[in-house]
Amino acid sequence: MKTLLIILTVLTITAMPATKYPEAEISNKIIKAKLYLPDKEKGYYQGTRFDWSGNMPSLKVNGHEYFGQWFENYSPEIHDAIMGPVEEFTALDYLEAKPGETFVKIGVGVLTKPDDKAYSFARLYPVVNYGKWSVKEKSDQVEFTHELTDEEYAYVYHKTVRLIPGKPEMELVHTLKNTGKKKIETPCYNHNFFVIDNQKVGPDYTIKFGWDLKGEGNGFGTLADVDGNKIIFLREFKQGETVFCGGFEGFGPDASDYDIRIENKKTGAGVHITCDRPLLKQVFWSCWKTPCPEPYILIKAEPGQEFTWTIRYEFYKL
């Protein structure tokens, strides 16, 4: 038994990345957070699914840890080897592109469509133009800028991860300026990979929304259930078990319905998530280590126009 425990411990340690990646640490004396910075050669995340900015392996508030590693295997190019409140933009013009032609993912770059297969977020696509990333660091915030120029699409994307002075709050402040020839219109969602105090998903977790949920999905009724405006968990998940709903209904057209709370009653930690843009869709996914409400909004900017949105996180004790 001791030998087995030693082997398992070694395997767990070796699964964690040991390389030093470009990173930044920020604090407002209440929150302390670590962020991995975008870098096409040395960066922690080099996948083609998620926006490369805002990857956050740790955020600590009042003795509670809100993020961390939830996946088992790591490589810089694995699509979901990423942590924290990370975002994904739907691919631009993937359907229109022919095999060998290119398409765009905001926050990643210009990618090649290798064949006529449907787009898959789990697939690694060849990048032909990474654009230009720049980062400005301050003690309590990091500003990311991604500039991309393509034949038809071009943009300047700003994202600032900002801790609010004197409060247990964080903002993700975004501006996307369309500097190209074509209109940019794409859904964008935040995956919210919360791992509160390394607790496994089970009855101690509750996910609350500002409206009553209508919908169902895989694993609902056995692992999880809907109770009015809440998602509750019926038992502790086993490794490999997941639940998924591709879109809950019940929200309205106002930004006030972008209202989510994730709470863990065992550790007494919670987070309240809001945004100044209305919901386009509300997806939910959970595995055994992270419950993830995935709120979508619609990004829309004509050539020469800017689109802005701000997501707010308020951390609290139950």
| remark: Residue pairs qualifying under the 7 Å Cβ cut-off, at least six apart or on distinct chains, with the first in the range 123-135 being on the phi > 0 side of the Ramachandran plot and the second being in a strand (DSSP E or B) and open to solvent by 50 Å² or more (accessible area, probe 1.4 Å), are 131/147
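Grab the strands (runs of 3 or more DSSP E) fully contained in the range 49-121, keeping just those with 3 or more residues being in contact with a strand residue (DSSP E or B) (Cβ under 8 Å, 6 or more places away or on another chain) and free of Cβ contacts under 8 Å to residues at least 40 places away in the same chain. Write out each step before concluding.
Numbers: elements: 55-61, 87-89, 102-105, 109-112.
Result: 55-61.
In the range 204-216, is there at least one residue being under 16 Å from residue 273 (Cα atoms), touching a Ser or Thr at 6+ places or on another chain (Cβ under 8 Å), open to solvent by less than 40 Å² (accessible area, probe 1.4 Å) and at pLDDT 95 or above? Spell out the reasoning first.
Our first condition is that a residue be under 16 Å from residue 273 (Cα atoms); within the range 204-216, this holds for 205-211.
Going one step further and asking which of them are touching a Ser or Thr at 6+ places or on another chain (Cβ under 8 Å), we end up with 210.
Those left that are additionally open to solvent by less than 40 Å² (accessible area, probe 1.4 Å): none.
The answer is no, given that none of the residues of the range 204-216 is under 16 Å from residue 273 (Cα atoms), touching a Ser or Thr at 6+ places or on another chain (Cβ under 8 Å), open to solvent by less than 40 Å² (accessible area, probe 1.4 Å) and at pLDDT 95 or above.
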| query | Regarding residue 247, is this residue modelled with pLDDT of 95 or more, more than 15 Å from residue 196 (Cα to Cα) and within 20 Å of the chain's Cα centre (by Cα)? | reply | yes
| task | Please work out if residue 316 is crowded, with 20+ Cβ neighbours inside 10 Å and either among the aromatic types (Phe, Trp, Tyr) or farther than 26 Å from residue 163 by Cβ (or both). | result | no
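Could you grab me the full set of residues in the range 121-133 that are small (Gly, Ala, Ser) and open to solvent by 50 Å² or more (accessible area, probe 1.4 Å)?
122, the sole residue that qualifies.
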| Which of the residues spanning the range 217-244 are open to solvent by 50 Å² or more (accessible area, probe 1.4 Å) and of a type in the set (A, V, I, L, M)? | 232, 234
| task | From (1) assigned to a loop (DSSP other than H, G, I, E, B); (2) open to solvent by 70 Å² or more (accessible area, probe 1.4 Å), pick out the condition that doesn't hold for residue 136. | result | (1)
| note | In the range 251-269, residues that are over 25 Å from residue 61 (Cα atoms), in contact with a strand residue (DSSP E or B) (Cβ under 9 Å, 6 or more places away or on another chain) and open to solvent by 40 Å² or more (accessible area, probe 1.4 Å) total 2
| note | Of all strands (runs of 3 or more DSSP E) fully inside the range 228-270, the set with 1 or more residues that are among the acidic types (Asp, Glu) is 259-264
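Restricting to the range 202-229, count the residues that are among the basic types (Lys, Arg) and under 26 Å from residue 71 (Cβ atoms). Let's see the steps before the verdict.
First, the residues of the range 202-229 that are among the basic types (Lys, Arg): 208, 214.
Filter once more, keeping what is under 26 Å from residue 71 (Cβ atoms): 208.
Final tally of qualifying residues: 1.
The values are calculated or read from the model by the stated rules, or taken from the named source; none is laboratory data. Keep in mind it's a predicted model, so treat the numbers as computed, not measured. Cβ: placed from backbone, ideal geometry, glycine included. Neighbour counts: every protein chain shown. The accessibility values were calculated without ligands, DNA or RNA, using every heavy atom of the protein model including side chains. Shrake-Rupley method; radii C 1.70, N 1.55, O 1.52, S 1.80 Å.
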